[in-house]
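What follows is a set of notes on a single structure, which appears directly below.
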Amino acid sequence: MQSIDKLFVNREKQTAGFVKMVQGETPKRIMMIEAGGGLGKSWTVEFMRAECQRRGIPNTEIDFADSVVYDYLAMLRRARDGLGPAAFNQFTQALNEVTQPTVRIETGTANTNAINNLLGQGNTFSGSNVNVGEVVAGNVIKDNSFVINADNAVVRQALQDRLTLAFFECLTALAAQGPLCFFFDTYDKVTVEAEAWLMGHLLPRVRDGLIQNVVVVIAGRSVPKLDNQWDRMIARTGLDLFSEPYVKEYLVQRRGLIDDPNVIKALFQGSTGQPQLLAMLADNILRSQDSGGDDDWL
Amino acid sequence: MVHQAQVVVIGAGIIGASVAYHLAARGCTEVVVLEKEAVEVTGSTARSAAGVRHQFSSRTNILLSQYSIERYKHFTEEIGGHAELHQHGYLFLFNDSATWQAYQAVLELQRSLNVPVQVLTPEQAAGYIPELNISDIVGATYCAEDGFVDPHGIAMGYLNKARELGVKVLRDAPALGFEFADDQVVGVQTPQGTIHCKYVVNAAGPYAGEVGKTAGFEIPIKPYRRCIYVSDPFPALPKDIPLTIDVGTGAYIRKEQETVLMGLSNLNEPSSHDTTVDWDWLDTVLEAMLNRFPILERAGLSERQSWAGSYEITPDHLPILGRMPNCPNWLNAAGFSGHGVMHAPATGLLIAEEILDGRAHSIEIDELRIERFAAGELHAERNVI
């Protein structure tokens, strides 16, 4: 299977802009890629992630089209895992505490005096907690569960705010060591909780310079609409249909099809330069050229 | 000198500090906190009895406590400073059947909000305080998650963290006047010059009414003296006794290290900023104390350690939060009526939301907006000490 950068054409503007952002050559830190279906948003995101890998830049991707329901915890945990859990011990510790199963032992009396009397002098009963979090070699390695244990929405909010604080403490420390990237794909399917976290916490901190070295890429058929106070930080871009030369480059140089001007022209007209459609056409042509079929055994 | 800010917060007590921190933590770092004194956190915050409790009669107060106490649990590791949360509980003692009956509805409300409040028999209540006089007690309530904190440590924690994030705190800087354009406040006059701003937050505690008046607003908050009498070291009362309230008189005690703090509000005292200890009131306090807590007969009084501070009281004993209707970029965060320390984290969060998100949303605060006084929609908090 060919790597993504071998297949990639015609997104030089976006990728060059992204490289400038991670290298700190522009004040812009947030890239919004808004384009219709099939124009290659996810490919562009994947290419940027590959660029991060090449440069050793920690990065994390959340694709709102995947099967995960991105509630508050899922967002933070995914981000932590993508960026490297070792840098987020403080956050994971807090996460373990707020998600740990709590066992309340009812004594049947108003206080613990009755039990203490039974236990005798010098012994004290004060309740019981069960903590299944684990720490190995200084790294917190296990979440208790995926649920914040809170009796009501207000306490839950307080615990979420605590987690947010811990997460950003860790993130700030990690970002002080060098650039790191967040990628959010298929933003048009963002969940309410994820959007609240993104718009209420991550993006304002990036905008206001509270966390340095962090680049955020948001791609989707729709992206957040932000007012002009964000302009200094945001690079907005769309994705165009491929022109005929790019169609040729893609089919011939990237996919290895025969350089037949008539075929190229027909495929360009048939696909209207839409990358996803073009890729499907190329796949089908290559499949039809394949002499040895998997179906021979039938 | 600072001439420009997004937000000017008036008052560097625990509420102003929390508001400044919560704004800065969300990226709004162009915040200036004005403190009229030479040193911050020397007003009513530092003179508080420092109790924190869930046992209120108002739903909103309970929610404010639930959020705030949860945040105090890990305050030091998250913010810095020293919250020193001691959850030794609050014990309410009732000696009047009618009051006790009426209180059942409050208990129902508290339970509906998952407050772990317990109803105690007089004998069970006696298990918490040595030699407690329960001869006339008809019922009691206890919540183990109540307790007390260190207000100075919290306020300084918020202020220091806010400073780290870029907030400026100006000392000797009272708000002398305000500049307006159309329906907006656009500047705050201080001895060091005018600070132009987009928002003003009135967190002036017992001075919030006067600050409002300077701006031409009627904000019904008045200061009232509250005295705290302190015993000599008295180990006969254990350190972990709950903050205990004799509901019939309003007298309360709690331990602070080895000493005992004792308080009883003089509800007939006129409004003032007097913060000298009222020794004439002591006889009344002692009478109530010794009747309910006879063990205190063996405790000495430390005149040197006793102190007085101010409650910032509203007509319904609920705070005034949110925007002024006729000046929407002026926000009030005051009038806590003795509950500012216990509600500071939630208040900072909500005022930051009101400014940055257009409206507070983590907790519904409509019943705390100043419009309630004009509308006559008052639902007073009854659990006031």
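Listed values, structure above:
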quantity: Using θ = phi - 60° and Karplus 6.51 cos²θ - 1.76 cosθ + 1.60, couplings along the range A:14-31 (whole Hz; Gly, Pro as x); calculated: 5, 5, 5, x, 5, 4, 4, 5, 6, 8, x, 8, 9, x, 6, 10, 10, 10
quantity: Amide H contacts of B:Cys143 (H built 1.01 Å from N, under 5 Å, at least 5 apart or other chain); calculated: B:Tyr90, B:Gln118
quantity: Principal-axis tilt of helix B:14-25 within chain B, Cα atoms, nearest 10 degrees; calculated: 50
quantity: DSSP bridge pairs, chain B: antiparallel proportion in percent, nearest 5; calculated: 70
quantity: Footprinting exposure proxy for B:His3, B:His361, B:His88 (fewest neighbouring C-beta atoms within 10 Å first); calculated: B:His3, B:His361, B:His88
quantity: Alpha-carbon centroid distance for the pair the range A:184-211 / the range B:135-177, whole angstrom; calculated: 31
quantity: Ranked A:Tyr246, B:Tyr199, criterion: other C-beta atoms within 10 Å, fewest first; calculated: A:Tyr246, B:Tyr199
quantity: Whole-Hz ³J(HN,Hα) from phi, Karplus 6.51 cos²θ - 1.76 cosθ + 1.60, for the range A:158-173, glycine and proline x; calculated: 4, 5, 5, 5, 5, 5, 4, 4, 5, 4, 6, 4, 5, 5, 4, 5
quantity: Subset of A:Lys28/A:Lys248; A:Lys41/A:Lys265; A:Lys41/A:Lys225; B:Lys73/B:Lys161 violating a 27 Å alpha-carbon distance limit; calculated: A:Lys28/A:Lys248
quantity: Alpha-carbon centroids, the range B:245-279 and the range A:23-63: separation in whole Å; calculated: 62
quantity: Karplus 3J(HN,Hα) series, Hz, for the range B:78-87 with 6.51 cos²θ - 1.76 cosθ + 1.60 (x for Gly, Pro); calculated: 8, 9, x, x, 9, 6, 6, 6, 10, 8
quantity: Partner aspartates and glutamates for A:Lys13 [C-alpha distance under 19 Å; skip if fewer than 8 residues away on the same chain]; calculated: A:Asp5, A:Glu25, A:Glu34, A:Glu46, A:Glu51, A:Asp185, A:Asp231, A:Asp240, A:Glu244, A:Glu249
quantity: Neighbour-count ranking [beta-carbon atoms within 10 angstrom, fewest first] of A:Arg232, B:Arg372; calculated: A:Arg232, B:Arg372
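None of the figures in this text is laboratory data; all of them are computed from the coordinates on show. Please read these numbers as outputs of a predicted model, since none were measured by experiment. Glycine also receives a Cβ, built like all others from the backbone with ideal geometry; neighbour counts cover every protein chain displayed.
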